[in-house]
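The values are calculated or read from the model by the stated rules, or taken from the named source; none is laboratory data. What you are looking at is a predicted structure, and each value in this text was computed from that prediction instead of being measured. All Cβ positions, even for glycine, are placed from backbone atoms using ideal geometry, and neighbour counts span all protein chains on display.
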Amino acid sequence: MAARGPGGPDHRRLQPLEPQAGSDAAALTCKAERQEDGSGYRITGTKAWITHGGKADFYALFARTAPGGHGISCFLAPGATEGLSFGAPERKMGLQAVPTTAAYWDGALVEEDRRIGDEGQGLQIAFSALDSGRLGIAACATGLAQAALDAAVAYANERTTFGRRIVDHQGLGFLLADMAAAVDAARATYLDAARRRDLGRPFSRQASAAKLIATDTAMRVTTDAVQVFGGYGYTRDFPVERYMREAKIMQIFEGTNQIQRLVISRGLARPA
Ligand SMILES: Cc1cc2nc3c(=O)[nH]c(=O)nc-3n(C[C@H](O)[C@H](O)[C@H](O)COP(=O)(O)OP(=O)(O)OC[C@H]3O[C@@H](n4cnc5c(N)ncnc54)[C@H](O)[C@@H]3O)c2cc1C
């Protein structure tokens, strides 16, 4: 669990994931055993997908202090903790600026005052951090889609085929129009959710909707931007192929877009 994420210091900090417990975060098995001599908790288990693994100064850690969903606790552990080690960086499709590794906790001792909140409050802390993190990912995805749109519009105004700029071919111009409309809709959706948060109103469902809409938009708009560039879009000479690769991870982390639909549908369900 890295203390910092790719989007900045204030989100994507809390990472409960383990190889067998991804979308189902409550299934985590990493153990935190309280020591009777008061020295702290012994942590044992493996964590997956640690952003800045091996590089961060501190790691937010979720570990089990008791069985069941209410048995998970949150800790802030120094990276230099004895018994904590990291795997080799994952070989990823994108996100090359930040290493992502596994973390191995081998009976590492974490002092008691490194626990955040009470024992058993871990999931509550994780879920509330995810709500805000999803807004951050929605904002990143909107920016990524905007960058792809800007590159595509610039290219479409320069490239000519059949004696006209490609932007003047209706088939291509309408593709750009759909891209622009989708970016506007993504931006409006995440700003609406962010304003609800700033006003202290419930925003969990809206944050999931913003993450879902903005990241699906980023995937579609970046893919269409590659199309606008034709064959050149498929090369590394232009930025749009990278935008397309970076968009994919946004549909996966901070809860996959299938999980966002789960959150939204649960928010709509009334008691039976
Ligand atoms: C590059 C990278 C960086 C990451 N960084 C972080 C990070 O900083 N912090 C962090 O916490 N995590 C991070 N992750 C982990 C990421 O959040 C998980 O990969 C993601 O939550 C999905 O978990 P999983 O990979 O175990 O997939 P699984 O949970 O195994 O899911 C596999 C597929 O099944 C679908 N699925 C699962 N359950 C359901 C369901 N109930 N209904 C419908 N569909 C379902 C999923 O949507 C997915 O399509 C990172 C992952 C990657 C690849």
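For (1) aromatic (F, W, Y); (2) within 16 Å of the chain's Cα centre (by Cα), each residue gets a yes or a no:
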{"residue": "G171", "(1), (2)": "no, no"}
{"residue": "F174", "(1), (2)": "yes, no"}
{"residue": "A186", "(1), (2)": "no, no"}
{"residue": "I213", "(1), (2)": "no, yes"}
{"residue": "T235", "(1), (2)": "no, no"}
{"residue": "F238", "(1), (2)": "yes, no"}
{"residue": "R242", "(1), (2)": "no, no"}
{"residue": "M250", "(1), (2)": "no, yes"}
Restricting attention to region 213-246, the residues that are within 15 Å of the ligand (Cβ to nearest atom) and β-branched (V, I, T) number exactly 1
Collect the residues in region 152-172 that are surrounded by 12 or more Cβ atoms within 10 Å (Cβ to Cβ) and over 20 Å from F238 (Cβ atoms), keeping them in residue-number order.
D168
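For region 19-88, give me every one of the strands (runs of 3 or more DSSP E) that falls completely inside it and has 2 or more residues that are more than 17 Å from A129 (Cβ to Cβ) and more than 13 Å from the ligand (Cβ to nearest atom).
31-34, 41-51, 84-86
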Is region 144-157 home to any residue that is in a helix (DSSP H, G or I), assigned by TED's automatic domain parsing to the domain that holds A209 and within 16 Å of the ligand (Cβ to nearest atom)?
yes
So, of the residues in region 247-272 that are part of a loop (DSSP other than H, G, I, E, B) and within 13 Å of the ligand (Cβ to nearest atom), which turns out to be nearest to T217 (Cα to Cα)?
Q251
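Which residue out of L109, L135, L130, L149 is under 16 Å from the mean Cα position of the chain (by Cα), of a type in the set (A, V, I, L, M, F, W, C) and at pLDDT 95 or above?
Only one candidate passes the filter, namely L135.
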Taking region 227-245 and keeping only residues that are in a helix (DSSP H, G or I) and either touching a Pro at 6+ places or on another chain (Cβ under 7 Å) or surrounded by 21 or more Cβ atoms within 10 Å (Cβ to Cβ) (or both), one is left with V228, G233, V240, Y243, M244
If we ask which residues in region 89-110 are among the acidic types (D, E) and either within 14 Å of the ligand (Cβ to nearest atom) or buried (at least 16 other Cβ atoms within 10 Å of the Cβ) (or both), their number turns out to be 1
